[in-house]
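> Supplied in structure tokens, the structure appears directly below.
The values are calculated or read from the model by the stated rules, or taken from the named source; none is laboratory data. What you see is a predicted model; the values in this text were computed from it and never measured. Here Cβ is always computed from backbone atoms with ideal geometry, including for glycine, and neighbour counts include all displayed protein chains.
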Amino acid sequence: MLPSLRISALVMLLAAGVACSSGRHSSSGFRLPPDGNAAQGKVEFVALGCNTCHQVAGMDLPAPTVQPPVPVVLGGKVNVDPADGYLTTSIIFPSEHLAAYPHSMIANGDQSRMPSYADRITVRQLTDLVAFLQQQYIVVPPAPAYVYH
């Protein structure tokens with residue numbers, strides 16, 4: 001390998017390593033207490049009114065009532081289990097990660113239609129709610145894009 005190609009490859013590897021490092025906005029190292037009670041989280045989901053906007057895949061909960069309907073269905077089949085940090089951020093700062101839906105269906109301007117729960121929820125409620133949500137996701141590896149003959 002030519003020296004300039006080696007240097008370029010090394011620079012790219014270092015840049016990738018820095019991009020993946022932990023920082024203030026990284027979920028690296030973020031953990032909720034491990035004693036989340038999923039059954040209580042389901043109770044909290046309804047008590048906090050989450051079901052008035054969101055459906056949960058495979059769950060028999062009161063139907064959403066908000067208009068226009070929110071297309072974000074929680075749970076179901078995913079390729080990667082959502083991290084506790086992602087779910088927590090989505091609950092306490094929902095405008096941080098707007099879902100990949102038509103903008104007008106999930107946002108008012110640049111803000112999520114979902115209210116922030118940062119000042120409406122305790123850490124215990126959040127821990128139980130995330131435990132409940134985590135149980136609703138089924139990780140299914142993506143199908144290969146090619147077929148063996």
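> Residues Arg120, Arg113, Arg124: which one is surrounded by 14 or more Cβ atoms within 10 Å (Cβ to Cβ) and over 18 Å from the mean Cα position of the chain (by Cα)?
After ruling out the rest, the residue left standing is Arg124.
> Check whether at least one residue in segment 15-37 is at pLDDT 90 or above, surrounded by 10 or more Cβ atoms within 10 Å (Cβ to Cβ) and either in contact with a His (Cβ under 9 Å, 6 or more places away or on another chain) or on the phi > 0 side of the Ramachandran plot (or both), and report yes or no.
No, because not a single residue in segment 15-37 is at pLDDT 90 or above, surrounded by 10 or more Cβ atoms within 10 Å (Cβ to Cβ) and either in contact with a His (Cβ under 9 Å, 6 or more places away or on another chain) or on the phi > 0 side of the Ramachandran plot (or both).
> Quick one: is Val66 closer than 20 Å to Glu44 by Cα and either modelled with pLDDT of 90 or more or surrounded by 13 or more Cβ atoms within 10 Å (Cβ to Cβ) (or both)?
So Val66 passes the test.
> Now, a different point. For segment 69-78, which residues satisfy the criterion of being hydrophobic (A, V, I, L, M, F, W, C) and either closer than 19 Å to Ile121 by Cβ or buried (at least 16 other Cβ atoms within 10 Å of the Cβ) (or both)?
Result: Val70, Val72, Leu74.
> Can you tell me which residues in segment 39-60 are surrounded by fewer than 17 Cβ atoms within 10 Å (Cβ to Cβ) and either acidic (Asp, Glu) or touching a Phe, Trp or Tyr at 6+ places or on another chain (Cβ under 6 Å) (or both)?
Passing the criteria: only Asp60.
> Pairs, please: C-beta under 9 Å, at least 6 apart or cross-chain, first residue on the phi > 0 side of the Ramachandran plot and in segment 96-123, second among the charged types (D, E, K, R)?
So the pair list comes out empty.
> Give the residues of segment 79-96 that are closer than 18 Å to Tyr137 by Cα, surrounded by 13 or more Cβ atoms within 10 Å (Cβ to Cβ) and not charged (D, E, K, R), sorted by residue number.
Selection gives Pro82, Ala83, Gly85, Tyr86, Leu87, Thr88, Thr89, Ser90, Ile91.
> Here's a follow-up. Of all residues in segment 33-65, how many are part of a loop (DSSP other than H, G, I, E, B), in contact (Cβ under 8 Å) with a residue 40 or more places away in the chain and not acidic (Asp, Glu)?
Residues meeting the conditions: 8.
> So, one more: Out of the residues in segment 127-149 meeting the condition of being among the aliphatic types (A, V, I, L, M) and closer than 20 Å to Val66 by Cβ, tell me which one is surrounded by the fewest Cβ atoms within 10 Å (Cβ to Cβ).
Only one residue tops the list, namely Leu133.
> Could you list, in sequence order, the residues of segment 113-149 that are at pLDDT 90 or above, part of a loop (DSSP other than H, G, I, E, B) and over 26 Å from His103 (Cα atoms)?
Hits for segment 113-149 are Ile121, Thr122, Val140.
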